[in-house]
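Here is the structure we will look at.
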Amino acid sequence: MKQERHARRRRTTAPHRNGEAADAALFEHPAERERGVAHKGCETLYRDDLREAVRVVNAGGVILYPTDTIWGIGCDATNADAVRRVYDIKRRADSKALITLVDSVAKVAAMVPDMPNVAWDMVELSTEPLTIIYETARMVADNLKAEDGSLAIRVTREEFSRLLCQRVKRPLVSTSANVSGEPAPRCFADISSEILDAVDYVCTSRRDETHNPPASRIVKLGKGGEVKLIR
């Protein structure tokens, strides 16, 4: 069964190597479709907030939004100017890459040429937020990648950030809402006024939560599918 699943993945990922458009439905896991139906109520709850966040992101702006871990500073991951603003807000050198957030493993497969089979399994089986650093990636701004060309990507299953990714239809930057070197906020109330004033839109959803989940686990995939734990 596992060999059959991997064979199916290799066949469906092959068109990307030829530069053809990705068909997300080919990659979508059945459980993700079920979650999509279950979260229709959340889509209604977050409707106005999502609409404004999408408008700002599509206009090249920077937002502050809730994620599957801590609150994050985000923007369109394909917009180099917006990514540069995030580095400036964080007062962080652009040699230190940022995390990219997507809503499904389908998006990862489109971004990562020859996505390793082990990555499929890790994403599908993970029960907690998991960020994977891939050796190469495409479809994002160059200044989002590390100096070696690698890119950190995480699939979010949290309702708000998932719906936001779906509506923007592009990967999002996701980096902790703090100036580099300072403690990451545990909840919205911990975010400094400097960060709040620096972004173009502050999402209104989930602000009343007193504690967010911790930062994600991070692993790096090497050649041949070797896995190295980073955090």
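Points to keep in mind about this one:
- Under 5 Å between amide hydrogens, built in the peptide plane, is the criterion, and for THR175 it picks out ILE73 among residues at least 5 positions away or on other chains.
- Among beta bridges identified by DSSP and lying wholly in the range 53-201, the antiparallel ones come to about 70 percent.
- About the Cα centre, charge dipole magnitude for the range 102-226 (Lys/Arg +1, Asp/Glu -1 at Cβ), debye: 380 debye
- Put simply, the amide H of MET139, placed in the peptide plane, has no neighbours under 5 Å, leaving out anything fewer than 5 places away on its chain.
- Each residue of the range 194-205 was assigned a 3J(HN,Hα) from its phi angle through the Karplus curve 6.51 cos²θ - 1.76 cosθ + 1.60 (θ = phi - 60°); the sequence is 4, 6, 4, 6, 7, 8, 8, 8, 10, 4, 9, 6 Hz, with glycine and proline shown as x.
- Converting phi to 3J(HN,Hα) with the Karplus coefficients 6.51, -1.76 and 1.60 and the offset θ = phi - 60°, the range 47-62 yields 3, 5, 5, 4, 4, 6, 4, 5, 4, 5, 4, 5, 8, x, x, 10 Hz in sequence order, with x at every glycine or proline.
Bear in mind that the values in this text are calculations on the coordinates, not laboratory data. In this text the structure is predicted, and so the values were computed from the model without any measurement. Glycine gets a Cβ as well: all are built from the backbone with ideal geometry, and neighbour counts include every protein chain shown.
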